[in-house]
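So the structure is just underneath, and the comments pick up after that.
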Amino acid sequence: MRFVQKRHDRGSALIVSMILMIVLAVVGVALVNRTTREVDAVASKRHWDRSMSCVEGAREMLLSQFRTYGVNLVNLQIQKQVGDQQYTTGHYDNFNVTSVTEAGGTPGGAVGGDASNRITRRGGGLGGKGWRMTVVCRDNAQATHQQEVEFLVNFGF
């Protein structure tokens with residue numbers, strides 16, 4: 001009679017553990033890549049929010065100049081330093097110029113409302129004309145970061 005030897009699977013635990021380690025390594029690399037993308041997205045959003053709040057501040061600062069009695073809007077300019085940000089009228093790389101012009105093509109002078117658009121002086125205001133204005137905000141630490149906004153306001157009745 002012949003003896004049949006039973007074959008024992010040897011080394012299969014090592015193969016299974018190696019496959020499991022490879023799968024866990026792939027999952028770990030995927031998680032690190034996703035986390036890196038999330039951190040980059042958050043940093044980008046933070047820079048965007050800072051730029052937009054700077055430009056919004058410049059816009060509100062320009063609109064606040066409307067309260068000046070007898071202001072001539074076409075000569076209106078701002079150039080202010082707030083922290084490390086520079087608020088100014090103008091365009092990219094062209095700062096502190098008059099950028100307030102009468103907006104043509106606004107039917108009846110109708111422009112979207114804002115509380116600061118309703119400020120008028122006595123004597124009837126300016127006739128409810130639409131005005132086009134451009135402000136730009138620049139980061140003094142990094143001169144390449146500039147944000148420009150052009151907007152319309154309806155000033156007067």
Inset, instruction - Go through the residues of the range 32-45 one by one and say whether even a single one is modelled with pLDDT of 85 or more and of a type in the set (Asp, Glu). - result: yes
Legend entry - Boolean, Val74 is in contact with a strand residue (DSSP E or B) (Cβ under 8 Å, 6 or more places away or on another chain), aliphatic (A, V, I, L, M) and not in a loop (DSSP other than H, G, I, E, B): yes
Inset, instruction - Name the one entry in Ser116, Ser64 that is under 13 Å from Val153 (Cβ atoms), modelled with pLDDT of 80 or more and surrounded by fewer than 17 Cβ atoms within 10 Å (Cβ to Cβ). - result: Ser64
Legend entry - Per-region count, the range 8-53, residues among the acidic types (Asp, Glu) and exposed (fewer than 10 other Cβ atoms within 10 Å of the Cβ): 1
Inset, instruction - Only residues that are among the polar types (S, T, N, Q) and not in a strand (DSSP E or B): list them for the range 86-102, please. - result: Asn96, Thr98, Ser99
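Among Gly108, Gly57, which is at positive phi and either at pLDDT 75 or above or of a type outside the set (Val, Ile, Thr) (or both)?
Gly108 is the lone residue from the list that is at positive phi and either at pLDDT 75 or above or of a type outside the set (Val, Ile, Thr) (or both).
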Inset, instruction - Scan the range 76-105 for residues that are at pLDDT 70 or above and more than 26 Å from His145 (Cα to Cα) and jot them down. - result: Glu102, Ala103, Gly104
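The values are calculated or read from the model by the stated rules, or taken from the named source; none is laboratory data. Since the structure is predicted, the reported quantities are computational estimates derived from the model, not experimental observations. Reconstructed Cβ throughout: ideal geometry from the backbone, glycine too, with neighbour counts over all protein chains shown.
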